[in-house]
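Heads up, the thing below is written out as structure tokens.
We did not get these values from a lab; they are worked out from the coordinates using the rules stated. Only a predicted model underlies this, so the values are computations on that prediction, with no experimental measurement involved. Cβ: placed from backbone, ideal geometry, glycine included. Neighbour counts: every protein chain shown.
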Amino acid sequence: MSYVAATPKPRLVKLAIVVRGEDRFSVVGARYKATLFVLKVELGGLTGVIAPLIGKEPPNTKVWIVSSGTPAFVKAEQSLFPNGPLWRIELTTSPSWPNAPQSHR
């Protein structure tokens, strides 16, 4: 499936969505499982060959979705703009992730 990438010069790209497994988390003591999806932008053509060589390949996006009952967003890690920092977006109910690095709040 093709999408328009929101870059300074819009372009048509393909998006590969791959399941990378499950992670456990808890909310107010209740335990859940989330499926981890990795979204990879596939540039294609000559740009797709050159971009990794010059450090311009778009970073992957990681998205966690509750895997039981009604699917629901739990967390995402992604760059929100070209060459931007990695952002972590989580629910305001603050799920607890075992072995996760502590963030500064």
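Some points to look at:
- Translational diffusion of region 2-90, estimated by Stokes-Einstein from the Kirkwood radius over alpha carbon pairs at 20 °C in a medium of 1.002 mPa s, is 146 µm² per second.
- Mean Cβ count within 10 Å, highest first, over the residues of peptides 74-83, 9-18: 74-83, 9-18
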